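The values are calculated or read from the model by the stated rules, or taken from the named source; none is laboratory data. Since the model is a prediction, treat every value here as computed from it, not as a measurement. Here the Cβ positions follow ideal geometry from the backbone for every residue, glycine too, while neighbour counts run over all protein chains shown. Only protein heavy atoms, including side chains, enter the accessible area calculation; ligands, DNA and RNA are left aside. Shrake-Rupley method; radii C 1.70, N 1.55, O 1.52, S 1.80 Å.
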Amino acid sequence: MISRRAKDKMVHYTFFGIATVSVLIIFFIFIFLFVEAYPAIQRFGSELLSRDWNVARNQFGLLPAIFGSVLVAVGALVVAVPLGLGAAIYLSEIAPNRIRVLLKPFIELLAGIPSIVYGFIGAILLGRFLYDTFGMRGTNSFLAGILVLGVMALPIIVSMSDDSLKAVPKDLKDASLALGATKWQTIRKVTIPAAISGISSAVIMGMGRAIGETMAVMLIIGSVMRIPVPFFDIFESGNTLTALIAVQMGEAHGIIINVLFTAGIMLFTIVAVMSIISDILQKRTTDKFEGKR
Amino acid sequence: MNIRKLISLWIFTVSTVVAILGFWALATRMDVEYWMFFVALTLISASYYLSGIYHHMTEKDMNGVFMLFYASIVLMVAAFSFYLPEILDMRQWEINARIPNFFFYSLSMLFLGIFSSYLSFRPFYNFKKEGAQMGAYYMLYITMIFTLIPLFVILFNIVYRGAGGITWEFLTEDIISMGERGGVYPAILGTLALILVTAVIVLPLGVGTAIYLAEYARKGLAVRVIRTAVNILQGTPSIVHGLFGYAFFVLILFDGQKCLLAGALTLAILTLPIVIRSAEEALNAVPGDLRDASLALGASKWQTIKKVVLPPSLPGILTGTVLGLGRAAGETAPIMFTAVYFSGAGTPSSLLRPIQALPYHLLSLYRLIGYRDVDLQAWATALLLLIIVLGVNVSAIIIREKYRQRF
Amino acid sequence: MFEKFKELLKEEMRCERKELPKGIKMQVESFNLWYGKTQAIKSVNMDLKENKITAIIGPSGCGKSTLIRGLNRMNDTISSVKTEGKVWLDGFNIYDSTTDCVDVRRQVGMVFQKPNPFPFSIADNIYYGCEVNGMKVEKDEVVERCLKQSALWDEVKDRLDENALSLSGGQQQRLCIARALATEPEVILMDEPCSALDPIATAKIEDLIDELKNHYTVVIVTHNMQQAARVSDYTAYMYLGELIEFGDTTQIFENPQENSTEKYITGRFG
Ligand SMILES: Nc1ncnc2c1ncn2[C@@H]1O[C@H](COP(=O)(O)OP(=O)(O)O)[C@@H](O)[C@H]1O
Ligand SMILES: [Mg+2]
C-alpha cells in the first residue's frame, strides 16, 4: 500500500509527464519539418527564395507562393478589419443585450463552417460571379481568395476584438461619460485606445488564419506559380504556400517533397511569430488593467 | 413639425433606397443604365442642396455651406460618369479585367448611398455631437449587417441547392460510378470514426496538460513555455499538421500506408490546443476557496482535484472538447495525406485501414464537376457536412447551457 | 412606434422652468429610482446650497451612490434603471425629456470612489473634457489652471507628458478632481473620494475640498463620519433608500432629531 503522500507525488509527476508530451509534440513537429526539408535547403539554398518555379527543370523558387500568401492575407485584412471591428464595437458597446445574445451565435456559426465548404462555394458561386462581372480570363483569382479569406477571418477578428473591448474597465467609461462625452466619443477616445493592443492582436490572429488557410484558397487561387504583373493585379490567378503544398503533395516524389516541407517550415515560422506577437499584445492589455490598477 | 428634421429624414430615405438599389444591382449584375444612375445621384444631390439652403437661411454657421459642397460633389460624380466607356478594358494597363460601366454605377450607388445617409444624421441633430454619435451608430449597424450577409448567402445556397440531393440512397449507399449515383454512407461512418478515435486520443492528453497547468504548475518558466507552445500549436496551419502527419505517422509509423489511426493522431494534435485551453479555463473557473476548504479538511491534493475540482468543471471541459471535435470533423488538409481515399476504402473496419470521409469526398466531387454529373451530389455532401459540423457545435452549446455551473 | 417617431420629429421645445429660492443650486424633488423591480431611492427631497459642501452619510447599500449618480444622470448608463421625480439645476429639470444628459454631465462634474484616470498623459487627461465638449480653450492654460486648483501643479509640472497611471493613488485622485474642473462645472459630486487612499492623501483631498467650495457647490458621499463632520456644511443621513434626516452638520451630529440618525452617528449600528 502506497502512502497518500507518495501517491500524490506520483499523480503530480504523471500530469507533468502528460504536459511535457504536449509540449514535446510542438518541438517534434518543427524538428521533423526541418529534417524533411533539409535535403532541399542543402541542395538549393537561397534558390528556394527565387521567383522561378519549374519542376521539369528542377527550379524550385518559392517566392511566387510567398508573395501570394502575403497578398491574399493583406487583402483579406482590408476586407475583414473594417467590417469585423465595426461589428465588434456594435456587439460590445451598442447592441442591447437581447440582440447581442441573438447575434453572437451567428458569428460562431460563421467560424464553424468547414473551410472546404467555403472553398467549394467560393469556387462555384463567387469565382463564377467575379468572372462574369470583371471579364477575367478564368474563374480563379487572387480577388476571389481575398474575398473568401476576408469572410473567414471575420469571426476571429469580431470575437477577439469584442473580448478586448469588453475588458476595458467600466469605471474608465464612466469617467469619460461624467465629463460630458457622448457614448460615441467615449468609444472613440477611451474604449478603443484602451483596447488597442487587444484589437491589434485580433487583427494579427485574423491574418494568421488567412495565411494558414488551405482548402478554401486551394480551390479558388488557381495554383499558378507566378507573380502577377503588375504585382497588384488581383484579377490574375496565382498560388499560396498552403495551396502549393496541398496540390503538389498528392503526386509528389523525390526532392520536391523536401521543397514542400521547406514551404511548410516557412508557413509554420510565419504563423508562429504572429501568434507570439499577438500573445504579447494581449498580455499587455490585461496587464494594463489588472496589474496596474 | 420641424422642417430641418423632415428634410434630413427625406435625405436619409432617398440615400438608403439608392444604397439598397445599388447593392441589389451589384449582386444581380443588373445592367444599370446611365440615366438611372444619374437620376439616383441627382436626387441625393438635390436633397442635400435643399437641406443646405434651408440651413443657411435659418442658422448663420458654415454647416450649410458644407452641405452645399457635398451636394456639388455628388452632382459632379453623376455628371462626369457620363464619360465612362461601356466597358473599361483594364488590359491596356496589363490588368486582367474588363469592367463594364454598370459595375461602377451600382458600386457608387451603394457607397454614395450609404455615405449620404450617414451624413444626413448631422443636419437632423442640427450638427450637435449627438448627430455624430447617431451617424457612427448607423455605420456600425451597416458593418454588422455586412458581416452577416456572407453567412446567409452561404447557408441559403447550400440548403437550397443541396437539400434535393439528400435521399435515402445518398445516406445509405457507397459511391457508384464516380459519385454520379450512390451516396456517402462509408464517408459518414468514416468521419464519425475519425472524430471518435481523435477524442479518445486527445482527451487524456489535453485534460492532463490542463490539470497540470491549472492545478500543479507554479507561475514560472515552465508554464510560460507550455503556454507559448500551446498558442503556437493553435495557430499552426492545418496543412502543416497534414505534412507532419504524413511524414511521421504515415511514412515512419505505418510504412507508407494511409490509415484511420494516422488521421486521428494528426487531428488529435490539431485539436489538442483547443482542448487544453478550454479545460484550463473550466478548471480555473472553480473558485480557489473550494480547494482550500477541501485541503483544510485533510484531503490530499489529488483527492481534492478528483472530488472537488473536476466534477464542476466537467461540462466546460466537455464543451471545449466537443467544439474541437467539430472543427476536426470539417478539416480536410490534415487527413488527405494521412487517412482518406475517395472511394474503395469502404466502411471503417480497422484502425490500420484507410477510410473515406465527408470533407475529402466533397473535395473529390468538386474536382469531378464538369467531367461527371456530380453537381447535386456535391451540394448534398456540403449540406450534410455542414449539418454534422454544426450539429456537433450545437450539442457543445447545449452541454454548456444545460450544465452551466454557477459559483 | 409611430408615437416615438412623431416625438423624434417634434420641434425642440423649451423645457419646464422653476425659480429656485436664492442660494439654492440644486433641488431634488420627490425622486424615486428603481433597479429593475427593486426600488433603491424612495421619494427623496433635498436642497443643495450654492458654494456649500453637502455630505451624504449612511450605512453601505443605503443608496448614497445611487442618489449622487442621480444628480448628473450617470444612472442612465445602466439599462435597468428607471427614475421618477425631478432634479432642478438652476431652474432647469435635468430629467426633463428635452434635457440633454450629456450637457448635464458637463455642468455637474463627478469624482469616483476609485481613482480612474485615463491611460493617457496627465495633460491629456485634463484636456479631455474640453476636447469632447468642443470648448475653445488653450490646452496649456487649462492644464495649469486645473492642476493649480487641485494643488497638484507643483508635484507634476515637470512631467505633464507622463502617463497618468504612473502617479500615486492620492495624486491620481487629485488628477481626477482636476480633470472634473476642466469642463468648468458648477457642481462637483464626489462618491467616497478618499476610501481608497491613505490618511495623508485623504488629508490633502479634504483640504482641497474645502478650497473648492469657494467656487463650486460640492456634494460628497462618505462612510466616514469624522470626515463628514470635518468638511461639510450640511449633512444628509440616508437609510434603506430613504432620506431620514437633512440639516446643518453641527445640528445633525450634536442634536439629531431622528432616532435612527442618532444610532448611526453614535456607532450603535451600521
Ligand atoms: N447596478 C445595479 N444594479 C442593481 N442593483 C444595484 C446596482 N447598484 C446598486 N444596486 C443596489 O442599490 C442599493 C443601493 O446601492 P448603492 O447606491 O451603491 O449604495 P451605497 O453607495 O450607499 O453603498 C443596494 O441595495 C444595491 O444592491
Ligand atoms: Mg457606494
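Residues in the stretch C:48-71 that are within 14 Å of another protein chain (Cβ to nearest Cβ) and more than 7 Å from ligand 1 (Cβ to nearest atom) were compared, and the one that is nearest to C:M238 (Cα to Cα) is C:I68. If a residue has to be surrounded by fewer than 19 Cβ atoms within 10 Å (Cβ to Cβ), facing another protein chain (nearest Cβ under 7 Å) and under 16 Å from A:E108 (Cα atoms) to count, how many in the stretch B:134-163 make the cut? Number satisfying all stated conditions: 3. Looking across the stretch B:92-113, just one residue is buried (at least 18 other Cβ atoms within 10 Å of the Cβ), within 12 Å of chain A (Cβ to nearest Cβ) and modelled with pLDDT of 90 or more, and that is B:S106. None of A:M274, A:M266, A:M218, A:M225 is closer than 15 Å to A:W53 by Cα and open to solvent by 10 Å² or more (accessible area, probe 1.4 Å) except A:M225. Taken residue by residue, the stretch C:161-174 has at least one member that is surrounded by fewer than 19 Cβ atoms within 10 Å (Cβ to Cβ) and touching a Leu at 6+ places or on another chain (Cβ under 8 Å). Every listed requirement among (1) under 16 Å from the mean Cα position of the chain (by Cα); (2) more than 29 Å from C:N32 (Cα to Cα) is met by C:I177 save one, (2). Pairs linking a residue in the stretch C:60-84 that is within 10 Å of ligand 2 (Cβ to nearest atom) to a residue that is among the hydroxyl-bearing types (S, T, Y), with Cβ atoms under 7 Å and 6 or more positions apart or on different chains, are C:C62/C:Y239. Looking at A:A123, A:A111, just one residue is in contact with a Ser or Thr (Cβ under 9 Å, 6 or more places away or on another chain), open to solvent by 40 Å² or more (accessible area, probe 1.4 Å) and touching a residue at least 12 places away in the same chain (Cβ under 8 Å), and that residue is A:A111. Condition check for B:F248 on (1) more than 25 Å from the chain's Cα centre (by Cα); (2) closer than 18 Å to B:I335 by Cα; (3) open to solvent by less than 10 Å² (accessible area, probe 1.4 Å): one failure, at (3).
From the list B:I274, B:I211, B:I239, B:I201, the one residue that fits, being modelled with pLDDT of 90 or more, of a type in the set (V, I, T) and closer than 19 Å to B:V389 by Cα, is B:I274. Here is a check on your reading of the model: is B:L267 open to solvent by less than 10 Å² (accessible area, probe 1.4 Å) and of a type in the set (A, V, I, L, M)? When the stated conditions are applied, B:L267 passes them. Might you check whether a residue that is within 24 Å of C:M74 (Cβ to Cβ), within 16 Å of ligand 2 (Cβ to nearest atom), free of Cβ contacts under 8 Å to residues at least 60 places away in the same chain and in a loop (DSSP other than H, G, I, E, B) occurs anywhere in the stretch C:184-195? For the stretch C:184-195, residues within 24 Å of C:M74 (Cβ to Cβ), within 16 Å of ligand 2 (Cβ to nearest atom), free of Cβ contacts under 8 Å to residues at least 60 places away in the same chain and in a loop (DSSP other than H, G, I, E, B): present. The residues on offer are C:V87, C:V102, C:V108, and the sole one that is without any contact (Cβ under 8 Å) to a residue 24 or more places away in the chain and crowded, with 19+ Cβ neighbours inside 10 Å is C:V102. Open to solvent by less than 10 Å² (accessible area, probe 1.4 Å), within 14 Å of chain A (Cβ to nearest Cβ), without any contact (Cβ under 8 Å) to a residue 40 or more places away in the chain and under 25 Å from the mean Cα position of the chain (by Cα): does that describe B:V240? Taking the combined requirement at face value, the residue satisfies it. The requirement of being more than 12 Å from every other protein chain (Cβ to nearest Cβ), more than 30 Å from B:Q303 (Cα to Cα) and assigned to a helix (DSSP H, G or I) is satisfied by A:L48. If the condition is being within 22 Å of the chain's Cα centre (by Cα) and either in contact (Cβ under 8 Å) with a residue 40 or more places away in the chain or in a helix (DSSP H, G or I) (or both), then the stretch C:134-154 contributes C:M135, C:V142, C:V143, C:R145, C:C146, C:L147, C:K148, C:Q149, C:S150, C:A151.
To keep it simple, each residue is scored yes or no on (1) more than 16 Å from ligand 1 (Cβ to nearest atom); (2) closer than 22 Å to C:G58 by Cβ; (3) part of a loop (DSSP other than H, G, I, E, B); (4) away from chain A (no Cβ under 14 Å).
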{"residue": "C:I200", "(1), (2), (3), (4)": "yes, no, no, yes"}
{"residue": "C:K204", "(1), (2), (3), (4)": "yes, no, no, yes"}
{"residue": "C:N214", "(1), (2), (3), (4)": "yes, no, yes, yes"}
{"residue": "C:R230", "(1), (2), (3), (4)": "yes, yes, no, yes"}
{"residue": "C:L243", "(1), (2), (3), (4)": "no, yes, no, yes"}
